[in-house]
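Written out below as C-alpha coordinates is the structure these notes cover.
The values are calculated or read from the model by the stated rules, or taken from the named source; none is laboratory data. Computed from a predicted structure; not experimentally measured. Cβ atoms come from the backbone with ideal geometry, glycine included; neighbour counts cover every protein chain shown. Surface areas here come from the heavy atoms of the whole protein model, side chains and all, with no ligands, DNA or RNA. Shrake-Rupley method; radii C 1.70, N 1.55, O 1.52, S 1.80 Å.
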Amino acid sequence: IGLDNDGIEAFIEHHLPYLSSIGTRVIVSIAGREPADYVLMAQRLQEVGGADALELNISCPNVTGGIDYGTDPRECGKLVGAVRNACQLPILAKLTPNVTNICSIASAAADAGADAVSLINTLLGMAIDWRARRPMLGNVVGGLSGPAIKPVALRCVYQVAQAVPIPVVGIGGIASIDDVMEFLVAGAAAVQIGTANYYDPTISERLVQQLPAALEEIGAESLSDVIGSLRTRKPADNK
(Lines give C-alpha, C1' and ligand atoms only; values in the text may rest on other atoms or scores of the structure.)
Protein backbone atom coordinates (compact mmCIF):
# COMPACT_ATOMS: atom_id res chain seq x y z
CA ILE A 1 0.00 0.00 0.00
CA GLY A 2 2.84 2.37 0.76
CA LEU A 3 2.32 5.80 2.31
CA ASP A 4 0.25 7.46 -0.39
CA ASN A 5 -1.29 10.71 0.90
CA ASP A 6 -1.55 14.41 0.13
CA GLY A 7 0.89 15.60 2.79
CA ILE A 8 0.70 17.19 6.21
CA GLU A 9 -1.04 20.43 5.25
CA ALA A 10 -3.78 18.65 3.30
CA PHE A 11 -4.29 16.33 6.27
CA ILE A 12 -4.55 19.25 8.68
CA GLU A 13 -7.01 21.09 6.47
CA HIS A 14 -9.23 18.30 5.22
CA HIS A 15 -9.04 15.38 7.66
CA LEU A 16 -7.94 16.45 11.13
CA PRO A 17 -11.03 18.62 11.84
CA TYR A 18 -13.34 15.68 11.18
CA LEU A 19 -11.23 13.21 13.17
CA SER A 20 -11.15 15.63 16.10
CA SER A 21 -14.95 15.86 16.09
CA ILE A 22 -15.92 12.20 16.43
CA GLY A 23 -15.30 11.80 20.15
CA THR A 24 -12.25 9.55 20.21
CA ARG A 25 -8.53 9.91 20.74
CA VAL A 26 -6.62 10.75 17.57
CA ILE A 27 -3.17 9.24 17.05
CA VAL A 28 -1.55 10.56 13.89
CA SER A 29 1.01 8.43 12.07
CA ILE A 30 3.82 10.40 10.45
CA ALA A 31 6.71 9.33 8.23
CA GLY A 32 9.56 11.12 6.49
CA ARG A 33 12.84 10.58 4.70
CA GLU A 34 14.98 12.25 7.37
CA PRO A 35 14.61 13.31 11.00
CA ALA A 36 13.89 16.92 10.05
CA ASP A 37 10.73 15.76 8.25
CA TYR A 38 9.43 14.09 11.39
CA VAL A 39 10.30 17.08 13.53
CA LEU A 40 8.54 19.49 11.19
CA MET A 41 5.35 17.43 11.09
CA ALA A 42 5.36 16.88 14.84
CA GLN A 43 5.73 20.61 15.50
CA ARG A 44 3.01 21.43 12.99
CA LEU A 45 0.54 18.97 14.49
CA GLN A 46 1.23 20.23 18.00
CA GLU A 47 0.76 23.79 16.79
CA VAL A 48 -2.66 23.25 15.19
CA GLY A 49 -3.99 20.92 17.88
CA GLY A 50 -6.41 18.05 17.44
CA ALA A 51 -3.88 15.22 17.73
CA ASP A 52 -3.62 13.36 21.03
CA ALA A 53 -0.43 11.49 20.14
CA LEU A 54 1.99 10.82 17.31
CA GLU A 55 3.12 7.49 15.93
CA LEU A 56 6.49 7.67 14.22
CA ASN A 57 6.49 5.25 11.30
CA ILE A 58 10.15 4.34 11.04
CA SER A 59 9.53 0.89 9.64
CA CYS A 60 7.66 0.91 6.31
CA PRO A 61 9.37 -1.30 3.69
CA ASN A 62 7.13 -0.01 0.87
CA VAL A 63 8.98 3.28 0.47
CA THR A 64 12.62 4.08 -0.22
CA GLY A 65 14.53 4.30 3.05
CA GLY A 66 11.36 3.49 4.96
CA ILE A 67 12.98 1.16 7.47
CA ASP A 68 16.38 2.84 7.80
CA TYR A 69 15.64 4.41 11.20
CA GLY A 70 13.97 1.28 12.54
CA THR A 71 16.87 -1.10 11.98
CA ASP A 72 19.64 0.74 13.81
CA PRO A 73 19.29 1.44 17.55
CA ARG A 74 21.45 4.57 17.33
CA GLU A 75 19.54 6.07 14.40
CA CYS A 76 16.23 5.14 16.02
CA GLY A 77 17.25 6.89 19.22
CA LYS A 78 18.40 10.00 17.36
CA LEU A 79 15.12 10.32 15.48
CA VAL A 80 12.89 9.70 18.49
CA GLY A 81 15.00 12.07 20.57
CA ALA A 82 14.76 14.81 17.95
CA VAL A 83 10.97 14.58 17.89
CA ARG A 84 10.83 14.36 21.68
CA ASN A 85 12.80 17.58 22.02
CA ALA A 86 10.56 19.38 19.54
CA CYS A 87 7.15 18.18 20.67
CA GLN A 88 5.27 17.56 23.91
CA LEU A 89 2.68 15.17 22.47
CA PRO A 90 2.93 11.49 23.47
CA ILE A 91 5.12 9.58 21.02
CA LEU A 92 4.78 5.99 19.82
CA ALA A 93 7.57 4.46 17.73
CA LYS A 94 6.36 1.92 15.17
CA LEU A 95 9.04 -0.72 14.73
CA THR A 96 9.97 -3.25 12.08
CA PRO A 97 10.43 -6.99 12.64
CA ASN A 98 13.09 -7.04 9.91
CA VAL A 99 15.93 -6.89 12.41
CA THR A 100 18.07 -9.35 14.34
CA ASN A 101 17.11 -8.02 17.78
CA ILE A 102 13.93 -5.95 17.99
CA CYS A 103 14.37 -5.48 21.74
CA SER A 104 17.48 -3.37 21.21
CA ILE A 105 15.56 -1.07 18.85
CA ALA A 106 12.65 -0.80 21.29
CA SER A 107 15.02 -0.01 24.15
CA ALA A 108 16.66 2.73 22.10
CA ALA A 109 13.24 4.26 21.39
CA ALA A 110 12.29 4.10 25.07
CA ASP A 111 15.58 5.60 26.22
CA ALA A 112 15.16 8.47 23.74
CA GLY A 113 11.77 9.42 25.13
CA ALA A 114 9.15 7.33 23.33
CA ASP A 115 6.03 6.86 25.44
CA ALA A 116 5.17 3.54 23.79
CA VAL A 117 6.23 1.28 20.94
CA SER A 118 3.98 -0.15 18.22
CA LEU A 119 4.92 -3.51 16.77
CA ILE A 120 5.08 -4.90 14.36
CA ASN A 121 5.06 -3.26 10.96
CA THR A 122 5.03 -5.53 7.93
CA LEU A 123 7.50 -8.28 7.20
CA LEU A 124 9.66 -7.81 4.14
CA GLY A 125 8.36 -10.01 1.32
CA MET A 126 8.33 -10.44 -2.42
CA ALA A 127 6.07 -11.62 -5.25
CA ILE A 128 7.27 -12.68 -8.71
CA ASP A 129 5.66 -13.20 -12.11
CA TRP A 130 7.83 -16.11 -13.15
CA ARG A 131 6.60 -16.16 -16.74
CA ALA A 132 7.61 -12.55 -17.31
CA ARG A 133 10.54 -12.98 -14.94
CA ARG A 134 9.65 -9.70 -13.30
CA PRO A 135 8.73 -8.63 -9.74
CA MET A 136 5.03 -8.01 -9.17
CA LEU A 137 5.71 -5.06 -6.85
CA GLY A 138 6.93 -1.73 -8.14
CA ASN A 139 9.51 -1.51 -5.35
CA VAL A 140 10.57 -5.16 -6.04
CA VAL A 141 10.12 -6.03 -2.36
CA GLY A 142 7.32 -4.89 -0.06
CA GLY A 143 5.48 -5.41 3.18
CA LEU A 144 3.63 -8.64 3.97
CA SER A 145 0.70 -8.08 6.33
CA GLY A 146 -2.39 -9.92 7.54
CA PRO A 147 -2.84 -13.28 9.32
CA ALA A 148 0.44 -14.70 8.00
CA ILE A 149 2.53 -12.41 10.20
CA LYS A 150 0.62 -12.90 13.45
CA PRO A 151 2.97 -15.52 15.00
CA VAL A 152 5.95 -13.23 14.38
CA ALA A 153 4.07 -10.26 15.81
CA LEU A 154 3.14 -12.18 18.95
CA ARG A 155 6.75 -13.20 19.47
CA CYS A 156 7.96 -9.62 19.09
CA VAL A 157 5.32 -8.26 21.46
CA TYR A 158 6.17 -10.89 24.07
CA GLN A 159 9.89 -10.20 23.89
CA VAL A 160 9.68 -6.41 23.84
CA ALA A 161 7.09 -6.21 26.62
CA GLN A 162 9.67 -7.82 28.91
CA ALA A 163 12.51 -5.61 27.70
CA VAL A 164 11.11 -2.06 27.96
CA PRO A 165 9.28 -0.16 30.74
CA ILE A 166 6.84 1.53 28.35
CA PRO A 167 3.58 0.16 26.90
CA VAL A 168 3.58 -2.02 23.80
CA VAL A 169 0.89 -1.75 21.12
CA GLY A 170 0.39 -5.05 19.30
CA ILE A 171 -0.12 -5.19 15.53
CA GLY A 172 -0.17 -7.99 12.99
CA GLY A 173 -2.92 -10.22 11.67
CA ILE A 174 -5.53 -9.27 14.28
CA ALA A 175 -9.00 -10.17 12.95
CA SER A 176 -10.92 -11.68 15.89
CA ILE A 177 -11.43 -11.29 19.62
CA ASP A 178 -9.21 -14.34 20.13
CA ASP A 179 -6.42 -12.55 18.29
CA VAL A 180 -6.90 -9.48 20.51
CA MET A 181 -6.74 -11.54 23.69
CA GLU A 182 -3.62 -13.38 22.54
CA PHE A 183 -1.79 -10.08 22.06
CA LEU A 184 -2.93 -8.78 25.44
CA VAL A 185 -1.80 -11.94 27.21
CA ALA A 186 1.53 -11.72 25.40
CA GLY A 187 2.08 -8.24 26.85
CA ALA A 188 0.37 -5.71 24.60
CA ALA A 189 -1.40 -2.89 26.41
CA ALA A 190 -3.44 -2.10 23.28
CA VAL A 191 -3.81 -3.37 19.73
CA GLN A 192 -4.19 -1.97 16.24
CA ILE A 193 -6.31 -3.38 13.41
CA GLY A 194 -4.79 -3.03 9.95
CA THR A 195 -5.46 -5.38 7.04
CA ALA A 196 -8.80 -6.63 8.41
CA ASN A 197 -10.27 -3.13 8.04
CA TYR A 198 -10.09 -3.50 4.28
CA TYR A 199 -12.50 -6.42 4.13
CA ASP A 200 -14.48 -5.62 7.30
CA PRO A 201 -14.66 -1.87 8.05
CA THR A 202 -16.75 -2.46 11.20
CA ILE A 203 -14.35 -4.92 12.81
CA SER A 204 -12.94 -2.52 15.42
CA GLU A 205 -16.38 -1.65 16.79
CA ARG A 206 -17.32 -5.32 16.98
CA LEU A 207 -14.14 -6.28 18.79
CA VAL A 208 -14.70 -3.58 21.41
CA GLN A 209 -18.19 -4.94 21.96
CA GLN A 210 -16.86 -8.49 22.35
CA LEU A 211 -14.10 -7.59 24.79
CA PRO A 212 -16.15 -7.63 28.03
CA ALA A 213 -17.38 -11.17 27.34
CA ALA A 214 -13.86 -12.36 26.67
CA LEU A 215 -12.67 -10.94 29.99
CA GLU A 216 -15.60 -12.53 31.80
CA GLU A 217 -14.84 -15.89 30.21
CA ILE A 218 -11.49 -16.11 32.00
CA GLY A 219 -12.63 -14.40 35.19
CA ALA A 220 -10.75 -11.17 34.60
CA GLU A 221 -12.20 -7.99 36.07
CA SER A 222 -10.17 -5.62 33.91
CA LEU A 223 -7.64 -5.53 31.10
CA SER A 224 -4.84 -5.07 33.62
CA ASP A 225 -5.56 -8.62 34.85
CA VAL A 226 -4.83 -9.94 31.36
CA ILE A 227 -1.98 -7.84 29.97
CA GLY A 228 1.30 -9.74 30.13
CA SER A 229 -0.27 -12.69 31.96
CA LEU A 230 1.20 -15.42 29.74
CA ARG A 231 2.14 -18.52 31.71
CA THR A 232 5.34 -19.89 30.26
CA ARG A 233 5.76 -22.75 32.69
CA LYS A 234 3.74 -25.92 33.21
CA PRO A 235 0.67 -25.47 35.48
CA ALA A 236 2.29 -27.52 38.26
CA ASP A 237 5.27 -25.15 38.25
CA ASN A 238 3.06 -22.10 38.69
CA LYS A 239 1.86 -23.09 42.16
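Below are the figures for this structure:
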{"quantity": "Filtered GluC sites (Glu not before Pro), the stretch 135-239: DSSP coil and at most 13 other beta carbons within 10 Å", "calculated": "221"}
{"quantity": "Length released on extending from residue 78 to residue 229, taking residue separation times 0.36 nm less the Cα-Cα span", "calculated": "51.1 nm"}
{"quantity": "Under 5 Å, built H, 5+ apart or other chain: amide partners of residue 122", "calculated": "none"}
{"quantity": "Highest-MSF residue in the chain out of 73, 201, 35 [GNM, Cα springs under 10 Å]", "calculated": "201"}
{"quantity": "Computed magnitude of the charge dipole of the stretch 148-239 (debye, nearest 20; Cβ of K, R +1, Cβ of D, E -1)", "calculated": "460"}
{"quantity": "Solvent-accessible area, 1.4 Å probe, carbon plus sulfur percent, for the chain", "calculated": "52"}
{"quantity": "Point-charge dipole on Cβ atoms (K/R +1, D/E -1) for the stretch 55-171, about Cα centre, debye to 20", "calculated": "380"}
{"quantity": "Most fluctuating residue given options 19, 89, 207, as computed from a GNM of the chain linking Cα atoms under 10 Å", "calculated": "19"}
{"quantity": "Residue with peak Gaussian network fluctuation, the chain [Cα springs, cutoff 10 Å], from 95, 56, 215", "calculated": "215"}
{"quantity": "Lys/Arg +1, Asp/Glu -1 at C-beta; the chain dipole; positive extreme among 54, 144, 212", "calculated": "144"}
{"quantity": "Table column - 3J(HN,Hα) (Hz), the stretch 214-225, Karplus curve with 6.51, -1.76, 1.60, x for Gly and Pro", "calculated": "5, 5, 4, 4, 9, x, 8, 8, 7, 5, 4, 6"}
{"quantity": "Per residue solvent-accessible surface (Å²) - the chain, probe of 1.4 Å", "calculated": "55"}
{"quantity": "Cleavage-rule hits, trypsin sites (Lys or Arg not before Pro), the stretch 111-211, DSSP coil, Cβ neighbours within 10 Å at most 14", "calculated": "131, 133"}
{"quantity": "Spin-label proximity, residue 24 to the stretch 203-231 - amide N less than 17 Å from point 7 Å beyond Cα toward beta carbon", "calculated": "203-212"}
{"quantity": "Sparse-neighbour loop sites [chymotrypsin sites (Phe, Trp or Tyr not before Pro); the stretch 123-225; at most 16 other C-beta within 10 Å; DSSP]", "calculated": "130"}
{"quantity": "Rounded to 5, the percent of DSSP beta bridges in the stretch 82-239 classed as antiparallel", "calculated": "45"}
